[in-house]
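The numbers here are math on the coordinates, done by the rules we state, and not lab data. What you are looking at is a predicted structure, and each value in this text was computed from that prediction instead of being measured. Here the Cβ is made from the backbone with ideal geometry for all residues, glycine too, and neighbour counts use every protein chain on show.
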Amino acid sequence: EGPKILFRINLLGGINVTDTIVASWCIILAVFIVSKILTRKLSKIPTRKTQLVAEKIVTMIDSLVESTMGKKFMGYAPFILALMIFSVCGSLISLLGVRPVTADFNTTLGWSLVTFVLIQYNNIRAHKLGGYLKGFAQPLPFMLPLNLISEVATPISMSFRHFGNVAAGVVITTLIYSGLAALSTTLFHISIPILQLGLPAFLSIYFDLFTGFLQAFIFCMLTMVFISNAASD
């Protein structure tokens, strides 16, 4: 089941507002509020625990970007941090009973397209337009179609990888919940789904927590690798 249409805005021929869009804006608002709390009353010598937490997060991301992309790409650290936070929160929001934002292909495709644009930008910046276009015919001219397909496939594969893992978890969890509810009715002849207690909680630990963090990390790592490789010699 895809994202549900909550309401429609009568602009530009009609804009459908889905639960994914509402959940995304709720995440943005929550992250903004938390960021304001963590960065309130900053000082050169940290004395507040909130500032220490904020500095620890920034230091970790800076270290990850530097070790993966190199010092000259440190300007991408805020983008990587925003991408990782949005991805993690977009998956973990399912713990609140909301459909994960990352279970919507439009979300992961949007992130992948931003990465795709950054890849092309860094490639052109590093090799100039002539070198960029010439690169599609390397190492031999007949490789041009394959190189073009490979370039276009990058954002598609990234988005499908992230979306597929999260969406699969949602489908499996939903099927198990439905199966346990039916089994409870069959065995105990009551409408209360007793068998739903326990097992779904363990599944949630894997599909929501572990998979959510893992897919966010993989997506960000691929983003950093592709961008840095595009700018390399």
**OP:** Please list 27-35, 7-15 highest first by mean number of surrounding beta-carbon atoms within 10 Å per residue.
**Re:** 27-35, 7-15
Subject >> Hydrodynamic radius (Kirkwood) for the chain, which is based on Cα pairs only, to one decimal in Å >> reply: 20.6 Å
**OP:** Evaluate the distance, in nm, between pseudo-label points positioned 7 Å from the Cα of residue 128 and of residue 11 along their respective Cα→Cβ axes.
**Re:** 4.4 nm
**OP:** List every residue whose amide H lies under 5 Å from the amide H of residue 18, counting only residues 5 or more places away in sequence or on a different chain, with H placed 1.01 Å from N in the peptide plane.
**Re:** 6
Original post:
When the dipole is taken about the Cα centre of region 47-157, and only Lys, Arg (+1) and Asp, Glu (-1) are charged at their Cβ, what size is it in debye, to the nearest 20?
Top reply: 260 debye
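Using Cα pairs closer than 8 Å and at least 6 residues apart in sequence, work out the relative contact order for region 3-58, in percent.
21 percent
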Subject >> Over 30 Å between alpha carbons, listed pairs 4/41; 56/128; 44/128; 44/71; 49/71 >> reply: 4/41; 56/128; 44/128
Original post:
Packing-wise, with mean Cβ within 10 Å as the measure, how do 115-125, 158-168 rank, highest first?
Top reply: 158-168, 115-125
Original post:
So what is the relative contact order of the chain, in percent, for Cα pairs below 8 Å that sit 6 or more residues apart?
Top reply: 22 percent
Original post:
So, in Å, what gap is there between the alpha-carbon centers of region 73-109 and region 7-32?
Top reply: 15 Å
Original post:
Tell me, what ³J(HN,Hα) does each residue in region 54-63 have, in order and in whole Hz, if you take phi through Karplus 6.51 cos²θ - 1.76 cosθ + 1.60 with θ = phi - 60° and put x for Gly and Pro?
Top reply: 4, 5, 5, 5, 5, 5, 5, 5, 4, 5
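Show that you can apply the helix-only estimate: for the chain, add -39,500 (n - 2.57) for every DSSP H stretch of four or more residues, divide by all residues, and state [θ] at 222 nm to the nearest 500.
-24000 deg cm²/dmol
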Original post:
Given 4 °C and 1.567 mPa s, how large is the Stokes-Einstein diffusion coefficient of region 1-103 in µm²/s, with Rh as the Kirkwood radius over Cα pairs?
Top reply: 81 µm²/s
**OP:** Place a +1 charge on the Cβ of each Lys and Arg in the chain and a -1 charge on the Cβ of each Asp and Glu, then give the dipole magnitude about the Cα centre in debye, rounded to the nearest 20.
**Re:** 820 debye
